[in-house]
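The values are calculated or read from the model by the stated rules, or taken from the named source; none is laboratory data. Not measured: the values here are computed from a predicted model. Every residue, glycine among them, receives a Cβ derived from its backbone with ideal geometry; neighbour counts consider all protein chains shown. Heads up: the accessible areas ignore ligands, DNA and RNA and are worked out on the full protein's heavy atoms, side chains in. Shrake-Rupley method; radii C 1.70, N 1.55, O 1.52, S 1.80 Å.
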Amino acid sequence: MARKFTVIIKKGEKEYIGHVVELPGCHAQGATIDELMENIKEAIELYLKVKVRR
């Protein structure tokens, strides 16, 4: 089952930073947008795994 999340992306001085609106504290960074999106997907997966265990 695929879920959709809203990611706010900001450009920092040296990298892109993404925050997942629906998951407080879930964020990632990457040198490029593509790298950021790979990292944010991993961050979402880890966030949801931790939430399920609680």
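Of note:
- Pairs are defined by a Cβ separation below 6 Å, a sequence spacing of at least 6 or placement on different chains, a first member in region 8-23 that is farther than 17 Å from Ile44 by Cα, and a second member that is in a strand (DSSP E or B) and open to solvent by 80 Å² or more (accessible area, probe 1.4 Å); the pairs so defined are Glu15/Gln29.
- Scope region 5-54; condition β-branched (Val, Ile, Thr), within 10 Å of the chain's Cα centre (by Cα) and not in a helix (DSSP H, G or I); matching residues: Thr6, Val7, Ile8, Ile9, Ile17, Val20, Val21
- Given (1) of a type outside the set (S, T, N, Q); (2) out of contact with any Asp or Glu (no Cβ under 8 Å at 6 or more places or on another chain); (3) open to solvent by less than 60 Å² (accessible area, probe 1.4 Å), number of the condition Glu42 does not satisfy: (3)
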